[in-house]
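Single-structure report; data block below.
Every number here is computed from the coordinates shown, using simple stated rules; none is lab data. Values in this document were obtained by computation on a predicted structure and should not be read as measured data. Cβ placement follows ideal geometry from the backbone for every residue including glycine, while neighbour counts extend to all protein chains displayed.
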Amino acid sequence: MTKRALVTGITGQDGAYLAQLLLDKGYDVHGAVRRSSHGGVADHRLKWLGILDRVKLHDADLLDPSSLLRTIAAVQPDEVYNLAAQSFVATSWQQPILTSQVTALGVTNVLEAVRTIKPDARFYQASSSEMYGLIQHPEQSETTPFYPRSPYAVAKLYGHWITVNYRESFGLHASSGILFNHESPLRGTEFVTRKVTDAVARIKLGLARELRLGNIDAKRDWGHARDYVEAMWLMLQQDQGDDYVIATGRTTSVREMCEIAFRHVELSMEDHLVIDPDLFRPAEVDVLLGDPSKAREKLGWTPKTSLEEMIREMVDADLERLRDRGHRG
């Protein structure tokens, strides 16, 4: 029997890579898609991977429980991956109520739809390393206390614990992946890694002169999204649902990440980087460093792509995009 998966947030970075992985494994892949006024734009990641015509999209919204119930009833999924969220930390200070509704309560809506319609489906929740916030331990594992420092992180913490609660209360096969920062050429330009690689490509091609950033001394544990979606799938293949930290175990500053990108195109970062005080966050998360020991031991998962390889891939992809755009006039 062909397995059937439903992915919320399928048009995002992780959703697109996950859909590709599942298709490669022979799954029948369905995506829940929120109606947007920007028709033809939201699915560009699926087009970029060449898989848009291989997935089935359904109109559904995390804030509309009836649409989730109808979609799960129609798809009858074996696995449900909840990747949809208001996922940009900076925006969460500007739109805290929307962030709370989508990123927190939206998880409950999906879980309740699964429990009501397809309780034997296996469920994955996209938790976040931002939940650790003001870190309570130099390395963060599944047992490290949380201290969220943004409305986004607080909302993700709710989503994480409601997933645990549904697992323990109703016996659902529900798992949370506490994913540390993971990037790729499919990342939106509002995120710092893609903001850097896009700017570096523009500067290299003479389309821009500077890169403006805030706190470049913040440190993050960065991996490749293509590696991390494999961990999501592995969690749902286990006999029991559980929570797993997914990380590389290496932390790097924004400054060092920028240096890698500029060095790849043989430019000096010092000639183009501008520190903008307006880009500092109201409450900064200074350092994140994940301990992926449990995922390595129980899932057999390890990251395949180094930070250097990922940043070079992202810069090259942005150079190619910009050159193609120029050729089209």
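Along the range 289-300 the Karplus relation, 6.51 cos²θ - 1.76 cosθ + 1.60 evaluated at θ = phi - 60°, assigns HN-Hα couplings of 8, x, 10, x, 4, 5, 5, 5, 7, 8, 9, x Hz to successive residues, with x for each Gly and Pro. Panel order for V55, V154, by other beta carbons found within 10 Å of each beta carbon, from fewest to most: V154, V55. 3J(HN,Hα) along the range 138-149, derived from phi through the Karplus expression 6.51 cos²θ - 1.76 cosθ + 1.60 where θ = phi - 60°, amounts to x, 10, 9, 10, 5, 9, 6, x, 8, 8, x, 10 Hz, with x in place of Gly and Pro. Applying a threshold of 26 Å to the alpha-carbon distances of K156/K204; K219/K294; K25/K118 flags K156/K204 as lying beyond it.
Calculation over all alpha carbon pairs of the chain in 10 angstrom steps from 0 returns a P(r) of 6, 26, 35, 24, 8, 1 percent.
Annotation: amide H-H contacts under 5 Å for H182 (H modelled 1.01 Å from N, sequence separation of 5 or more, or interchain): G223.
Backbone amide hydrogens, once placed in the peptide plane, bring S176 within less than 5 Å of Q125, D242, D243, Y244, excluding anything fewer than 5 places away on its chain. Remark on the range 76-125: Rg and Dmax equal 12.7, 38 Å (Cα only). Plainly put, the range 1-102 has a radius of gyration that is 0.98 times its Kirkwood radius, both from alpha-carbon atoms, as the Rg/Rh ratio. Taking the chain as the reference, fit the longest principal axis to its C-alpha atoms, fit the long axis of helix 192-204 to the helix C-alpha atoms, and give the angle between the two in degrees, 0 to 90, nearest 10. Relative to the chain, helix 192-204 is tipped by roughly 40 degrees.
Each of F123, F280, F191 was scored by other Cβ atoms within 10 Å of its Cβ. Arranged with the fewest first, they read F280, F191, F123.
Using a simple spin-label model with pseudo-atoms 7 Å out from Cα toward Cβ, F170 and E284 lie 4.2 nm apart. Rounded to the nearest whole Hz, the Karplus-based 3J(HN,Hα) values (6.51 cos²θ - 1.76 cosθ + 1.60, θ = phi - 60°) of the range 156-164 follow the sequence 5, 5, 4, x, 5, 6, 5, 5, 4, with x at glycine and proline. Applying a DSSP loop filter and a limit of 13 other Cβ atoms within 10 Å to the trypsin sites (Lys or Arg not before Pro) in the range 204-235 leaves R209. Using alpha carbons only, the radius of gyration of the range 43-164 set against its Kirkwood radius gives Rg/Rh = 1.01.
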